[in-house]
Structure formats: C-alpha cells, structure tokens
Amino acid sequence: MEKLSAEYLHAMEEQLGEEYEAFVQSFAQPVQSALRINPAKIETKDYVRISPWKLDSMPWVTNGFYYEDVSAPAKHPHYYAGLYYIQEPSAMTPASRLPVEPGDRVLDLCAAPGGKATELGARLQGHGFLLANDISNSRAKALLKNLELSGIHNIFVTSESPEKLCNYYQEYFDKILLDAPCSGEGMFRKDPKMAEYWKEHGPDYYAPIQQQLMEQAVEMLRPGGMLLYSTCTFSVLENEQVIDRMLEKHPEMELVDIQPYYEGFAPGIPLNGSEGLRKCVHIYPHRMKGEGHFLALLRKNGIAEERETKRKNSIPIPEEAKEFLSHCSWDFSQGYLYQQKDQLYYMNQDMVPQKGLRYLRTGLLLGTLAKKRFEPSQALAMALKAEQFDSVIALSSEDDRSVRYLKGETLDISDLNTGRESGWQLVTVDGFPLGWGKKTGNQLKNKYYAGWRWQ
C-alpha cells in the first residue's frame, strides 16, 4: 500500500464510496493462482478427473479453476500437451463473455501473450478463423507459440498496427476482442512495480490510445457483429469514458448485457446521466477472487452484405509429404494446401491471407519439404488427436520419460508397443500429443521442437 499514490487512492475512494475500505483491505490478501482448461484438447469434467492437483472451480468461468501449488502446473507434461493455460482469474472473463460461435471470423486485436486468444480459438472448433494480432513482433512470437501449443490451427497471427489492419479488413469480422493496453490498476497487488509505472503512465496517457483503438475496432466490425472492450484497470477515464465517447460518435453501436455473475460483478458507472453504462462490468478484488478487470460488450446494428464463398484451389500433396501424410487421418479435402518456399500449410476454406500484411503464421504449418523427405512440424503434432496418427509412443505423466522427452533426450522404448516398427512416431502423454520422434530399433530419436524444450 505504501507504493500506491495518493492520487490513485483518492480516485478509488471517489469511485467506490462505502466499498473503499474493503478494497484497500484486499491488498493484504494473497494473489490467486488459476488455470483455464483448454476445450480444444479436453472437456472440463474430464480434466478435473485426471488433474494431479486439487482444483477449485471459478463460479463465473466454467472452465476456470483455482489451484494452490503455484509452480506445479507450469512444470508438468500436461502443460506441454496444451491441456490448460495458466491465467489470472479475472483475465479469463473477457473471452468467456464474447459469444464466439464456430464459423465466425474473429479478431483479437491486442492478443499477446495469448490467454484470451487461445480460448477464442478453441471455441471456433476448427471452423471460421481467428486473426490474433500484436503490434510487438517479439510478443507476437510468444502469442504464436501459445496458440500452437493449444492446438489451434485455423489462425492468422500478425504483427501489425491496428491502423494498417483497418486498410484490409473494413467491416469484416463477426466478433472482435479489444483487450486494450492500460494503466494496469488491476495488477497493482500482483505486480507492485505497476504502481510505480502508473505514476508516469496513468489513465491520462492511455485513454487517447484506447479511444483510437476503439475507432479502429469499430471500423473492422461487421454489421450485426459484436465487440468486447476490456482493460485490467479500474479508471473511469479508461473505461466508461472510452465507451461513452465511442457511443456518442457511433450511433450504430449499442451496449448489450453481459452474462452476469451476481455475487461479484459490479455495474458500470453512469456518466452524464447515461444509465446504459451500467451494462458495463467492473471486477474488483474485494468482491471476487481475482485482480481486476473492466468489460463492455457492444453490438453493431445494421445488416451485413452476404458473403461470397469461393472454394480455393488446393495444390496436390507434394511427393516428399505423401508418405508421411498417408499416416494421418486428417481430412485435407475440407480445406486447401498451399506451399510457401519449402513449407507446406493447410487452411480451411474461410481463410484467405491478405497481400501486404506481415504474417507470422497463416493456417496450420504441416511441415518442411526437403530433398526426398518431409519434416513434420510441432504445430501439426499439437493440432492432431492421438487417434489421428497411426503410430504412437504412449507415455504416462508418471513415467520419467515424458519429462526426458520434453528435455530433448533420446529414449529407450523397448517396452512400448507402437503402430509401426520404425519411422515417425507421435509422442503422447496420458493420451495427448506432445510432439514427434523417430523410432530406430528400440530407440526413439527425439524430434521435440528445440525452442519449446523443458528448461
């Protein structure tokens, strides 16, 4: 508390009134650790059954759970299998309240490191696509890793300014999530350094940036589409005022109700007599077990033009890849294959890359073509289910070989049955893919992606 500025505390006292003392006392409470089960990999009830740790459900996010052992989930093979994402509890809320449906075109405008994007992508169930963008190239690389680790294959990952994306995607997306950069007041308890940073870059610094991002998001939203704006800050200047100004400028936009959590969500604060702002949601740490967030869900009124769906031509499977891909039961006829230099990709029919944008990934990277051979990608292993490859090394999370594999070691597999006696093997843990290996005799040569190895 001693690092919190008097200006900030005064603003919170004005905002919270009689709840202010409970808010101040919440800073003495421990930070909550939580994870979100990945529906692209496993149903929530099934993971709860096999979880090595005690999980306590979060009442407002159906696949979110608290856990007590802070380090364990990040150092377990289930993490490397993409079965869950470690995420601050209140930060799980925005993606849970944007009603994404299979087949939607979805944009996560400020997506890194991927906590919200991985949930949005999973809910598409392989149909439509997710464009996940972050203006920082280094952060976009971390975003890409998390999406591929989660097994999401119908993705575009870009590192562009929102202004440039607007030039290509006018009124294009069905759903947009804008988790805007902010002063981070909801992170002060978790990261006290944020309180020091706030003194230099507070609400006045971020509000103009947020307003500009909102303008760009509205431009890219299709009539009839929905936009969820969120921040991890409490400031009315960065939250309700941003929404109020946008609504004043865009009469085609309207606030809609957010699925409630009656025990914890606080309503938005009316400005200028606008009671509609009560449809916004504040998450405060004294009301629920999370750090803090703000959400506003909006709809763009109007009727969108009918989309023309033109089937894209797929290239023939290259000779180098035919033998390997014959062992996969993936139905490539549902989308199309294309080659970029020596890399082979698969995309569904909804996905068309735009010339002129800087993509880190367009669809599912199947692997690399080399002279008379094919090297399958880590992304392909994570996108597959165990039953979709005909030769599997099935490890248990209790078998030390699962960790040794993740560290890049060669394994003795003389006691394990596989579908084929040699060649490429899909390595799984408790039935979920981790990566590739190549079997020679009783040895498995490790092909786990070096950049993801257990440290």
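The values are calculated or read from the model by the stated rules, or taken from the named source; none is laboratory data. Bear in mind that the values here come from a model prediction, so they are computed numbers and not experimental data. As a convention, Cβ positions derive from the backbone with ideal geometry for all residues, glycine included, and neighbour counts pool all protein chains shown. Keep in mind that these areas ignore ligands, DNA and RNA; they rest on the heavy atoms of the full protein, side chains included. Shrake-Rupley method; radii C 1.70, N 1.55, O 1.52, S 1.80 Å.
Here is a check on your reading of the model: is PRO181 outside any loop (DSSP other than H, G, I, E, B) and either closer than 30 Å to PRO30 by Cα or not hydrophobic (A, V, I, L, M, F, W, C) (or both)?
Details: outside any loop (DSSP other than H, G, I, E, B): no; either closer than 30 Å to PRO30 by Cα or not hydrophobic (A, V, I, L, M, F, W, C) (or both): yes.
No: the conditions fail for PRO181.
For the stretch 79-90, a tally of residues being buried (at least 24 other Cβ atoms within 10 Å of the Cβ) and in contact with an Asp or Glu (Cβ under 8 Å, 6 or more places away or on another chain) returns 4. Of the residues GLY151, GLY103, the single one that is surrounded by fewer than 20 Cβ atoms within 10 Å (Cβ to Cβ), at pLDDT 95 or above and at positive phi is GLY103. The one condition from (1) buried (at least 19 other Cβ atoms within 10 Å of the Cβ); (2) free of Cβ contacts under 8 Å to residues at least 24 places away in the same chain; (3) among the polar types (S, T, N, Q) that SER57 does not meet is (1).
Within the stretch 22-39, count every residue that is small (Gly, Ala, Ser) and either part of a helix (DSSP H, G or I) or open to solvent by 30 Å² or more (accessible area, probe 1.4 Å) (or both).
So in the stretch 22-39, the residues small (Gly, Ala, Ser) come out as 22, 26, 28, 33-34.
If we keep only those that are either part of a helix (DSSP H, G or I) or open to solvent by 30 Å² or more (accessible area, probe 1.4 Å) (or both) too, we end up with 22, 26, 28.
Number satisfying all stated conditions: 3.
Would you call LYS372 open to solvent by 20 Å² or more (accessible area, probe 1.4 Å), more than 30 Å from TYR169 (Cβ to Cβ) and not hydrophobic (A, V, I, L, M, F, W, C)? Spelling it out, LYS372 is indeed open to solvent by 20 Å² or more (accessible area, probe 1.4 Å), more than 30 Å from TYR169 (Cβ to Cβ) and not hydrophobic (A, V, I, L, M, F, W, C). What single numbered condition from (1) in contact with a strand residue (DSSP E or B) (Cβ under 7 Å, 6 or more places away or on another chain); (2) of a type outside the set (Phe, Trp, Tyr); (3) in a loop (DSSP other than H, G, I, E, B); (4) open to solvent by 60 Å² or more (accessible area, probe 1.4 Å) fails to hold for PRO353? PRO353 satisfies every listed condition except (4).
Residue pairs whose Cβ atoms lie under 6 Å apart, separated by 6 or more positions or on different chains, with the first residue in the stretch 369-395 and modelled with pLDDT of 95 or more and the second assigned to a helix (DSSP H, G or I) and of a type in the set (Asp, Glu), are LEU369/GLU320; PHE374/GLU320; ALA379/GLU148; MET382/GLU148. Residues in the stretch 126-143 that are open to solvent by 20 Å² or more (accessible area, probe 1.4 Å) and part of a helix (DSSP H, G or I): ASN137, SER138, ARG139, LYS141, ALA142. Across the stretch 396-412, the number of residues qualifying as in contact (Cβ under 8 Å) with a residue 40 or more places away in the chain and open to solvent by 20 Å² or more (accessible area, probe 1.4 Å) comes to 4. Residues in the stretch 413-445 that are more than 19 Å from VAL403 (Cα to Cα) and surrounded by fewer than 19 Cβ atoms within 10 Å (Cβ to Cβ): ASN417, THR418, GLY419, ARG420, GLU421, SER422, GLY423, THR440, GLY441. The residues on offer are ILE283, ILE209, and the sole one that is under 24 Å from ALA117 (Cα atoms) and without any contact (Cβ under 8 Å) to a residue 40 or more places away in the chain is ILE209. Evaluating LEU98 against the criteria (1) open to solvent by less than 20 Å² (accessible area, probe 1.4 Å); (2) out of contact with any strand residue (DSSP E or B) (no Cβ under 8 Å at 6 or more places or on another chain); (3) of a type in the set (A, V, I, L, M, F, W, C) leaves one unmet condition, (2).
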